[in-house]
Amino acid sequence: MSMKKIITIGEIVVEIMAVETGNGFLSAIPLIGPFASGAPAIFIDQAAKLGQPCGIVSAVGNDDFGVLNVERLRYDGADVSAIAVHPTAATGSAFVRYRQDGNRDFIFNIKHSACSAIGLTPQAEALVETADHLHIMGSALFSDGIVEAIHEATRRIKAKGGTVSFDPNIRKEMLELPGMREALGHALENTDLFMPSGAEIFLFTQATEERAAVAELLARGIKAVVIKRGAEGASYFDASGETMAPAFRVEEVDPTGAGDSFGAAFVTCWLRGMPADEALVIANATGARAVGVKGPMEGTSSMAEIEAFLAARNLSGVSS
């Protein structure tokens, strides 16, 4: 049986990071980067590293930052045919600094970068035609062009029996952007696999208690819910019950991208028909490896690396 092809639509950026912790960017400080980044790009890179057919609809500038990202994704096995190159706008960027308490300060240039050109180009339409699964990320819903592209890709993929996963991945500040709640609602209506982080599950429910919120979502037609809990592990719920897997204890170097890597690993395992308990273990291991490396996409893992990580902890990996 051929493997299902995953696509996503959204931002590709470079990330440039402060070397030391501190408060903001109000004085000259040492920086390191650029690193390939963007939540959808991290997600699709991780899926590619696991050997899953996958691709991304996005846009970069005609600059070194764009080349860095596209070549990284191409090298790791992603389909980059639907990444447009904007002739004048720069590739998106994110400058990040970590505070002492672990929170982060960001300066983003995404909406007004080459990412503003993301849409259903002829190349994007061709990629959608090859797709069996669409992964939607809330962070990508920042422009009308992307929202329209996601709506159309959702319609086409669902019409041919494909599936949709949805990671809200959104800060509360973004919820009041024009059209954002409607875009999130449309994504949820078409979702087969919903993947919120912690309290994000309550963004879409009347219920304010987790178990009741899960029941409410499953009653709306969502097939499965995975709640990401960071250092507390992750839980899976569907009509047949629930299962939970604890996180792995690792030294955190950089948490950026860990949730995206977790999501890609779980979606890949889910599409391969793996039992939920096994898929959670692999996804947790993928997230744990991601936080141990500086740079948002630098910690993506091959299945062999995940297997080695699990073997070192005397845990079984993937069923053959």
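The values are calculated or read from the model by the stated rules, or taken from the named source; none is laboratory data. Nothing here was measured: the structure is a model prediction, and the numbers come from that model. Note that we place each Cβ from the backbone using ideal geometry, even for glycine, and neighbour counts take in every protein chain shown.
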**Message:** Is it the case, given these coordinates, that Gly259 is modelled with pLDDT under 95 and either among the small types (Gly, Ala, Ser) or touching a Cys at 6+ places or on another chain (Cβ under 8 Å) (or both)?
**Reply:** yes
**Complete:** For the stretch 195-205 the number of residues that are part of a loop (DSSP other than H, G, I, E, B) and either in contact with a helix residue (DSSP H, G or I) (Cβ under 6 Å, 6 or more places away or on another chain) or surrounded by fewer than 17 Cβ atoms within 10 Å (Cβ to Cβ) (or both) is 2
**Asked** From the residues in the stretch 49-59 that are more than 18 Å from Val13 (Cβ to Cβ) and among the hydrophobic types (A, V, I, L, M, F, W, C), which one is surrounded by the most Cβ atoms within 10 Å (Cβ to Cβ)?
**Response** Cys54
**Prompt:** Applying the selection to the stretch 206-247, what residues are among the acidic types (Asp, Glu) and either surrounded by fewer than 16 Cβ atoms within 10 Å (Cβ to Cβ) or free of Cβ contacts under 8 Å to residues at least 24 places away in the same chain (or both)?
**Reply:** Glu209, Glu210, Glu216, Glu232, Glu242
**All positions within the stretch 178-194 that are over 22 Å from Ile227 (Cβ atoms) and part of a loop (DSSP other than H, G, I, E, B)** = Pro178, Gly179
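Residue-by-condition table, conditions (1) without any contact (Cβ under 8 Å) to a residue 24 or more places away in the chain; (2) of a type in the set (Phe, Trp, Tyr); (3) outside any strand (DSSP E or B):
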site: Gly22; (1), (2), (3): no, no, yes
site: Ile32; (1), (2), (3): no, no, no
site: Phe35; (1), (2), (3): no, yes, no
site: Asp45; (1), (2), (3): no, no, yes
site: Ala59; (1), (2), (3): no, no, no
**Message:** Could you go through the stretch 167-183 and let me know if any residue there is more than 23 Å from Phe108 (Cα to Cα) and within 19 Å of the chain's Cα centre (by Cα).
**Reply:** no
**Item:** Members of the stretch 240-262 found to be in contact with a helix residue (DSSP H, G or I) (Cβ under 6 Å, 6 or more places away or on another chain), of a type outside the set (S, T, N, Q) and under 22 Å from Ile9 (Cα atoms), listed by number
**Value:** Gly257, Ala258, Asp260, Phe262
**Message:** Whether any residue in the stretch 83-98 is surrounded by fewer than 21 Cβ atoms within 10 Å (Cβ to Cβ) and under 16 Å from Thr8 (Cα atoms) is what I want to check.
**Reply:** yes
**Item:** Those residues of the stretch 125-177 which are among the charged types (D, E, K, R) and over 21 Å from Ala224 (Cβ atoms), in sequence order
**Value:** Glu125, Glu129, Asp144, Glu148, Glu152, Arg155, Arg156, Arg171, Lys172, Glu173, Glu176
**Request:** Give the number of residues within the stretch 166-208 that are touching a Pro at 6+ places or on another chain (Cβ under 9 Å) and not hydroxyl-bearing (Ser, Thr, Tyr).
**Result:** 15
**Asked** When you go through Ala258, Ala231, Ala247 one by one, which is the residue that is within 26 Å of Ile306 (Cα to Cα) and touching an Asp or Glu at 6+ places or on another chain (Cβ under 7 Å)?
**Response** Ala247
**Message:** Among the residues of the stretch 158-177, what is the count of those that are out of contact with any helix residue (DSSP H, G or I) (no Cβ under 7 Å at 6 or more places or on another chain), closer than 27 Å to Tyr236 by Cβ and assigned to a helix (DSSP H, G or I)?
**Reply:** 2
**Request:** Tell me which of these Gly299 doesn't satisfy, since it passes every other one: (1) outside any helix (DSSP H, G or I); (2) surrounded by fewer than 23 Cβ atoms within 10 Å (Cβ to Cβ); (3) under 20 Å from the mean Cα position of the chain (by Cα); (4) small (Gly, Ala, Ser).
**Result:** (2)
